[in-house]
Structures are given as structure tokens and as C-alpha cells.
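The values are calculated or read from the model by the stated rules, or taken from the named source; none is laboratory data. Since the model is a prediction, treat every value here as computed from it, not as a measurement. Please note: Cβ atoms are built from the backbone with ideal geometry, for glycine as well, and neighbour counts cover all protein chains shown.
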Amino acid sequence: MSGEKIRLNTEWLCDCGGCHVALVDLHEKILNVLDSVTIQHCPVLTDIKDYPEADIGILTGSIRTEHDRHAAGEMRKKCKTIIAFGTCAVYGGLHGAGLAHSREEIVDRVYRHNPTTRTDTVPDSEVTELAKLVTPVDEVIDVDLYLPGCPPHAHFIFESLATLIEQRAPRVTQDTVCARCNRQMVKSEVNAIKKSLDGVPDDNICFLSQGYICLGSVTLDRCLAPCPNHGVACTGCAGPTMQILTEPNRDIRTEVSDRMSRLTAIDGETIKTHMERTAKTQYAYAMATKMIGNKPTFLIKKWIADVEAGAHG
Amino acid sequence: MGKVLNIQPVTRIEGHARIAVHLDDAGNVENAYMSLMSLRGFEKFIEGRPAEEVPRIVNRICGICPWMHHTAGNKAVDGCFGVTPTETGQKLRELLQVMAHINDKILHFFFLAAPDFVLGPDADYSVRNVIGVVKAAPELATQVVKMRQLGQMMIDRFAGKAIHPVAAVVGGFSKPLPEAERQAMLRDTRTLLDFSLYALDFAKNNVFSKYLGAINQLGVITTGFLGTVDPADGSLRLFDGRQRLMKADGSYVDFDGADYLDYLGEHVEPWGYGKMPYARSWNEGFSLDLDAPKGIYRANTLARINVCDKISTPHAQAALEEFRAAFGRPAQATLLYHYARLIELIYACERTMELLNWDGITDTDVRAKVEPKAGRGVGIVEAPRGTLIHDYHTDADGCIASANLIVGTTHNIGPMNMSVKQAATSLIKDGHYDQGILNKVEMAVRAYDP
């Protein structure tokens, strides 16, 4: 099919728009992409409001409303290959915290019990209702390819588009963020967990060795490790590794506590308990995926309830 | 029987919106709405999280302006913990926040809005986009892509992540700026400043003069304005300062951000998820009536250009003087948002140079010591789309007890509704409309860059 351009549709569901900016930020490479790709439905860039037939469909964001479900369905009907693009589409993303809070709690906080609104009105006409839970895209349609990342780094976006254009296998690895991190893991005598605001971390030594929780070792590299290489621990925004997703008794807190306890003098149980108490932060990006949510060991609602009971008791 | 024209999704904007135009039996506009279709609920999500983690979580409110949420969030947590960031740390935050303004304005004006002006509002919808601009004006388009790249890479190199940043931390910044990086940034910013001066000239010659008729008509409404100014001399500020709330007649009050609850309220309508801020302190309530709006003010570029007494940098000040001579103060025409955006682009480049030229910018004292505790903090920055307010309370463990967020775009939801209604009413008569007309209704929204 040389000479014929690949037809691309993109759609954003419930998201922040950052994944679409990341697409635009292929920069000069976007001009190369345009030589081989026709961009059709793409709400941030074009005025094509329906869904033309397409070879590739990129879906960003997760399913929050009936509108999102409908748009995902239309994209599936018209696109031969669907890519769940970005952590929200793949795992539900940060607003997967809809799992930890009911839609009633959210609406109540945003509109009713809010210092600036002072009203009892709640949006309920002309808007599509919130779904009970936030879900990843593949819970409502079949997905062909997954590209997590918040947003995915241009390196991976370009590789995935080039793969599809050139019809070859993608050259991507399943490395963790640690693979790209320049810090050294060392055995230390650190005996207490530090918060990210405690002191100034050493730039050359693994965060875990220094007593800071870092999710680099349990997070898939779709970012080239910018955070640990710029003084800040990984918070897992590209979502968990395949090992974490597929093995029923491993998850983020079991793996990090195991690794960190071997690198420091901190007891593994202490680390695990700490991560349960801060579960909303540690599981921030992937709690809405059933691959995490259905694990027998994952009890986030209980952990959050325990913390809240503690705070009020 | 009347009918409803749905424009969904509104395109070439940065969020999820729909326009509904209600026509009566004769085909004239009875009413028109623009509503936001999405709600996530960050005010709830961040409750209970350690406050120091929140500045990199709230980024995800907006992938277009994550640096704004990142810096406002950090300021709010500084306030909760009672910490004063080091001077260099604070200046590095401002440097990145102002740089992010540069990239945002290039993205909006050239990638999203320009197709309407370069190709024309009535151009075939299937080519009326940035790809059409690439074909129609390849040199301009290549230049724009390069400039956006230059801006984003400057941030990427130093701060690691341009979209969803992590580098600002409570108490300051995570790392100092190396001298070599400062020199590279200065060089790149000089290029961006040249481009921004060219961009304003290009727009004056090819856009604003050509579309003067549309500027004076499309989506024009009369409202007040909100922005941020330097407390000492009333000059334009993007990173900090006092908030200035101006009435349509040009009179204004200045207030401290922490007191925003005394000045602003948020109105909720059943037909959209977006809350609509209004000026509570005017004591006139809330109404979107085109002839007699109540409590309605606008934010974003035109508002900031209207409320400031001057701009502290020379090229932007010259552009402001020319703008004021032509359009007065406050200027009300909605399409002038684009003009004001390009003036701010110049200011953002000049301000970046000022910060890079400040002696202390490479100092290594970037981070103050921080102890978590109970408190309240209000962090405000001017985001590209308006005054961004993060108001947090923390508990004794330093976790978020409650949060109230007023996001830049929301200030303009009420005004956008008015502009949509004004545009639809003046353009759609006796049942006659076509895709060019409907696009012009969208242009009234696009000017606000929602």
C-alpha cells in the first residue's frame, strides 16, 4: 500500500489533554509523520466531528461518562487498530481514584459542600451522567495495543507510530524505570522511612537506599526516567510492570517493601504498612484497573477506611 | 416546532465542550449554551494525601498547563506548612512557570486558532486545521513547530518533564540551575523573543487588520476582568502579586489571594459540569443576561492586559501602549484575546530573560527546610487561561484535610456562554446557517482558549 496514507483518528475521553499535547510534541517528527499519516478526527487539531473510517485509532483518557463510552464504541467501529494511549486509557489513571470515592461523594464535595459554591444545585440536565466507577478503555471495547505513560515519552510515541506505519514489530522493552535511572543501589544502614520533604536526597544514590519510597522498580519505563534523574522519586505514573500485573500475590507494596528492606535497615512489614496507609498515593495511577483491583491482596478501600478511622478516632 | 443545533465536540480547544443553539419556530436563536462535558473531582481525590505529594498530582488537572497547577499547588502547601521558599527556589519556579506560558501561547495561537485566520473561517472544515496551515504556509508552520520544540526542550532538559512536571517541590525547587544550562536557555529564549516579536507583527498585518470587522462584532460582550498585578506598581504579573478585580467601567479593587472567598463565588447551573465563578463582592448576584450581566468578569490574556497599569518589560510595554491606543482600557472585544495573547508571549520571553540574568538564579540554595503541620495555604498563579487558585487545609500529619480549586478556564465559562449566545444570535437568522457560521460561533469560544 505504498503511496497510500495511513488514516488516523484520535479521541480524548475523560482526561487532562496531556496525551494529545504529547502527540503534538513530536515536534519536527510530527512533520515526518504527516507525510505518511492523514489526521482525521482529532478534536484538539481538526474540525472533523464525526468518525471517518480509519486504520489507526488513538484513545486517550478513561471512561467516566456515557459520552465517553459512546465515543469509545464509535472509535472501535471505525478504526481497524485501537491504541489505548496513556495511563488513563490503559489503567484508569489518577482519576481512577473514583474507585476510592463514590460519585456521590465527589459531586457533593465539588458542588454542595464547597466554600465558593454555597448552593444545592448539581448539574443534571444536558450533561451525561457520571458512571459509577472510572474504568480503563478495555473494559468497554476491545483494545489492540497499549501505550501507557503520563504522558508516554515522545521516544515511545514515535516508535509506536513508526511501527504501525512501517508494519513491523515494535522495538520496545519491558524494562522498569530503574533501567534508565542513573542512581546506584547501595546497602545502607538507614532505619526509618523518609517523606519526600525530609532533607535533600543524594543525587547519586538510589532513593530506596536512602529511605525514600520510589516506585521506579515496579513501574514500566515509558518515560526514560526523568524524575529520578532530576532529583525526584518515581510515583509510578506509567503504571505497574507486567510482573506486578500478572502475579496474584505480588503488587506494588509487596515488591517495594521487599526490595527496600534488603537495601536498608528498615523492616519490610514497616514499609508495607506505610504504603498501605498512603495507598491513595502509592496506587494513584492504576487502582482502577481490574488487574490490580481484583488481586486478593489489594484492599485499598479497607486501607483508606483504616486511615480515616484513625484520623477521626 | 423549534430545533436544537448541537456543535459537539467543540474542536480546536483544549477541553471537552459542547454548544447547543436552540432555535424557535422561525429559525431564530432562542437560547444558546456552551457546557463542559467532563468532571473528575480532584477536590475530593487529593483529600487524605500527604500534602507534599499533591503538587505533582494536581498537574493532571490539565495536561496543557501542568506547570500552573504544579506551582500553585507548591505555593499552597508552602502556606499550609508555613515555609518560605528560598529566593532562588522561588525564582526557579517562576522561571519554569513563565517559560510554560511561552509554549502555551505558541500552541494556542498557531496550532489551534491560526487555521481560522490563515485559511479563513469559512474554509472547508476538512482542511481548516494546522495541517492545512502546513500546506498553505509551510515556512511559517515549520518555524512554529521549531519554536514550540525549542520551548518544550528547554523545560525538558532542565526540569526533566515538561508535561506533568515534578521539579518544583515544597520549599522551593528540586535542583539548582547549572551555569551551562542557564547560558543555553538564554540563547534559546533570545530566539523565542525574536519569534514572538515576529509573531505579533505577523498577526497585526495578516490577522487583526484583516479581521477588524469580525473583532468588533464576533462574540462581543461587556464584562469586568480579573488578573494579577505587582503590588508596588500595578504592572502585569504571571507568577505572583495581588489580584485585581475590575468592573466594566474600569474601576477596580485589589485584594490578597488568601482573601479570595470575600470577592469570588461560584455559580452552578444544571446544564454543565463547569462551575461559573462570579464577583460576589459586587453584591449583584449572577446573571448571564447579555444586556445586563450580573457578577460577570473575564480572566485570561485580555483580562490581564486590561487590569494591569503597565508591563515592566520594554517590548511588551510598547505593544501594550499600541494596543491601548487602538482599543482602549478595558477592551471588551472577544477576539482581542488573541492580540493580548501575543503581547503576553513577548512579556513571557522578556521576563524569562530577566530571571535568567538575575545573579542568584544559579545559586545552589534552592530548597528550604520543611516540617509538615496543620495549616491553610492559598496558592495563586496566572495560568494561561486565567487566575488559578489552589486553597488547601492540612491536618496535623500534613495531609490534605480539604481543598478548593478554581481553575483558570472556569472564570470564563459564564462569559463564553454569553459570547456564544451573542455570536449565534447575530449570525443565525430565519433558519439560515451553514458550517462556516457554526464555525464562527466556535471561534467565539476558541478566543478564550478553553
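The table for this structure:
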item: Any chance B:Phe111 is surrounded by fewer than 24 Cβ atoms within 10 Å (Cβ to Cβ), under 20 Å from the mean Cα position of the chain (by Cα) and more than 23 Å from A:Cys227 (Cβ to Cβ); result: yes
item: Selection status of B:Arg187, surrounded by fewer than 18 Cβ atoms within 10 Å (Cβ to Cβ) and either in contact with a Pro (Cβ under 6 Å, 6 or more places away or on another chain) or away from chain A (no Cβ under 14 Å) (or both); result: yes
item: Residues of segment B:352-381 classified as touching a Gly at 6+ places or on another chain (Cβ under 7 Å) and more than 13 Å from chain A (Cβ to nearest Cβ), total; result: 4
item: Residue match in segment A:249-272 (condition: within 14 Å of another protein chain (Cβ to nearest Cβ) and closer than 24 Å to A:Leu147 by Cβ); result: no
item: Residue within segment B:224-232 that is β-branched (Val, Ile, Thr) and farther than 24 Å from B:Tyr297 by Cα present; result: no
item: Qualifying position, being touching a Gly at 6+ places or on another chain (Cβ under 7 Å) and buried (at least 24 other Cβ atoms within 10 Å of the Cβ), among B:Val83, B:Val54, B:Val21; result: B:Val54
item: Segment B:154-184, subset without any contact (Cβ under 8 Å) to a residue 24 or more places away in the chain and surrounded by fewer than 23 Cβ atoms within 10 Å (Cβ to Cβ), residue farthest from the other protein chains (Cβ to nearest Cβ); result: B:Gln183
item: Filtered residues of segment A:6-29 (kept if of a type in the set (A, V, I, L, M) and facing chain B (nearest Cβ under 7 Å)); result: A:Val21, A:Ala22, A:Val24
item: Matching residues in segment A:87-110 - criterion: being within 9 Å of chain B (Cβ to nearest Cβ), surrounded by fewer than 24 Cβ atoms within 10 Å (Cβ to Cβ) and in contact with a strand residue (DSSP E or B) (Cβ under 9 Å, 6 or more places away or on another chain); result: A:Arg103, A:Ile106, A:Val107, A:Arg109
item: Among the residues listed as A:Lys280, A:Lys301, the single one being within 18 Å of the chain's Cα centre (by Cα), under 25 Å from B:Asn59 (Cα atoms), touching a residue at least 60 places away in the same chain (Cβ under 8 Å) and not in a loop (DSSP other than H, G, I, E, B); result: A:Lys280
item: Filtered residues of segment B:8-66 (kept if of a type in the set (Lys, Arg), under 21 Å from the mean Cα position of the chain (by Cα) and more than 28 Å from B:Gly160 (Cβ to Cβ)); result: B:Arg12, B:Arg18
item: Residue among B:Ser312, B:Ser251 that is surrounded by fewer than 20 Cβ atoms within 10 Å (Cβ to Cβ) and in contact with a strand residue (DSSP E or B) (Cβ under 9 Å, 6 or more places away or on another chain); result: B:Ser312
item: Identity of the residue in segment A:77-108, among the β-branched types (Val, Ile, Thr) and in a strand (DSSP E or B), that ends up farthest from A:Ala284 (Cα to Cα); result: A:Thr81
item: Hey, A:Gly86 at pLDDT 95 or above and not assigned by TED's automatic domain parsing to the domain that holds A:Ala238 or not; result: yes
